[in-house]
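The values are calculated or read from the model by the stated rules, or taken from the named source; none is laboratory data. All values reported here derive from a predicted model rather than from experimental measurement. FYI the Cβ positions are ideal-geometry reconstructions off the backbone, even for glycines, and counts take in every protein chain you see.
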Amino acid sequence: MTCPICKGPIGTGGMKLRYEGRHYTFCSLRCKMTFQENPDRWLDAGGEVLAEPR
Ligand SMILES: [Zn+2]
């Protein structure tokens, strides 16, 4: 499993987040907060994480 923000590996300490009915997992609190600051930057219209942030 890979962190959608930094593309790093997610170990047992992954941070889960539910956003608009979907679940995302991040490697750290920092990555989770980066996502939460501006989710639209990271997601396409279907809720999939983009390969490159906007
Ligand atoms: Zn990360």
Look through Pro39, Pro53 and report the one residue that is surrounded by 10 or more Cβ atoms within 10 Å (Cβ to Cβ) and modelled with pLDDT under 95. Pro53
If Met15 satisfies all but one of (1) within 14 Å of the ligand (Cβ to nearest atom); (2) farther than 17 Å from Arg54 by Cα; (3) exposed (fewer than 14 other Cβ atoms within 10 Å of the Cβ), what's the number of the condition it fails? (3)
Output the qualifying pairs, or none if there are none: Cβ atoms under 7 angstrom, residues six or more apart or on different chains, first residue in segment 29-52 and away from the ligand (no atom under 11 Å from the Cβ), second residue assigned to a helix (DSSP H, G or I). Trp42/Phe35; Val49/Trp42; Leu50/Trp42
Qualifying residues in segment 1-12 (those that are over 15 Å from Glu48 (Cβ atoms), without any contact (Cβ under 8 Å) to a residue 24 or more places away in the chain and surrounded by 12 or more Cβ atoms within 10 Å (Cβ to Cβ)) - the one nearest to the ligand (Cβ to nearest atom): Gly8
How many residues does segment 33-52 contain that are polar (S, T, N, Q) and under 15 Å from Met15 (Cβ atoms)? 2
